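One structure is given below, encoded as structure tokens.
The values are calculated or read from the model by the stated rules, or taken from the named source; none is laboratory data. In this text the structure is predicted, and so the values were computed from the model without any measurement. Ideal geometry is used to build each Cβ from the backbone, glycine not excepted, and the neighbour counts take in all protein chains shown.
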Amino acid sequence: MRLALISLLIGAACLGTGGSRAEVERWVVVPGDSAITMQVGTPVGARTGRFTRWTGDIRFDPEAPETAQVAIEVEAASLRMDDPRLTRTAAGLLDSSRYPRIAFRLTGLEPAVGSRFTAHADITVKGVTRPVTFPATLRSDGRTAQMTGGFSLDRAAFGIGTRGPWNGLIGRQVRVDVSLATRPVG
């Protein structure tokens, strides 16, 4: 579950990277139109969660999306599970008191077809950084931009739920989906 939260942050960074920060306009996240969610399998079916507190440092040129620079920080303790009884367990698995932040940094954005891209990013959860590559869709009218994407992470690669009874009760793959709405600062 904790890995899913981290994955969501990585998804949010899909807007791109590259270029000089001085050359690319700063954009802000529109929280009400954005979401970082996760899903993980359990013996009683899939469980879902949503991160409620996160910030982004986004530099984006709608005419050159491959030059975008994205860094997202998610508060690990802000994960809210579909069953409130699981929220505290999820925060414990993420060890949110010791590792309060999940970080996502876009390292590359390659154009594919039309509004589709291949995003490359580094995600850091519980002090462990791993690369991730995933498909993303980016649409912009110059005044707003909407990025959607998703990927799966192996929670064990980040040391999430690898000890004790949770290791056998939670699926190893955590699906993270991101819908990120942004607009220029100002």
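Taking only pairs six or more apart or across chains, which ones have beta-carbon atoms under 7 Å, a first residue in the range 172-186 that is at negative phi, and a second residue that is of a type in the set (D, E, K, R) and buried (at least 18 other Cβ atoms within 10 Å of the Cβ)?
Short answer, once both residue conditions are applied: ARG172/ARG155; VAL174/ARG155.
Search the range 141-167 for residues being at pLDDT 90 or above and among the hydroxyl-bearing types (Ser, Thr, Tyr), and hand back the single one that is nearest to LEU86 (Cα to Cα).
Out of the qualifying residues, it is SER152.
I want to confirm something. Restricting to the range 21-53 and keeping residues that are farther than 22 Å from ALA136 by Cα and among the small types (Gly, Ala, Ser), which single residue is surrounded by the most Cβ atoms within 10 Å (Cβ to Cβ)?
Among those residues, the one meeting the criterion is GLY41.
Here's a check for you: in the range 168-183, which residue that is in contact with a strand residue (DSSP E or B) (Cβ under 8 Å, 6 or more places away or on another chain) and among the hydrophobic types (A, V, I, L, M, F, W, C) is modelled with the lowest pLDDT? Give the steps one after another, and end with the answer.
The initial filter retains those residues of the range 168-183 that are in contact with a strand residue (DSSP E or B) (Cβ under 8 Å, 6 or more places away or on another chain), namely 170-183.
Now restrict to residues that are among the hydrophobic types (A, V, I, L, M, F, W, C): 170, 174, 176, 178, 180-181.
Details: ILE170: 84, VAL174: 93, VAL176: 94, VAL178: 93, LEU180: 91, ALA181: 93.
That would be ILE170.
Applying the selection to the range 1-54, what residues are assigned to a loop (DSSP other than H, G, I, E, B) and at pLDDT below 75? If you could, list the steps in order and put the result at the bottom.
Residues of the range 1-54 that are assigned to a loop (DSSP other than H, G, I, E, B), as a first pass: 1, 16-25, 30, 34, 41-46, 52-53.
Correct list: MET1, GLY16, THR17, GLY18, GLY19, SER20, ARG21, ALA22, GLU23.
Scan the range 84-102 and tell me whether some residue there is under 14 Å from the mean Cα position of the chain (by Cα) and either closer than 19 Å to SER34 by Cβ or modelled with pLDDT under 95 (or both).
Start the filter on the range 84-102 by keeping residues that are under 14 Å from the mean Cα position of the chain (by Cα), which leaves 101-102.
Narrowing further to those that are either closer than 19 Å to SER34 by Cβ or modelled with pLDDT under 95 (or both): 101-102.
Within the range 84-102 (the criterion being under 14 Å from the mean Cα position of the chain (by Cα) and either closer than 19 Å to SER34 by Cβ or modelled with pLDDT under 95 (or both)), the answer is yes, since at least one residue qualifies.
Please enumerate the residues belonging to the range 50-64 that are more than 18 Å from PHE104 (Cα to Cα) and not charged (D, E, K, R).
In the first step, residues of the range 50-64 are kept if they are more than 18 Å from PHE104 (Cα to Cα); the result is 61-64.
Of everything in the range 50-64, those that are more than 18 Å from PHE104 (Cα to Cα) and not charged (D, E, K, R) turn out to be PRO62, ALA64.
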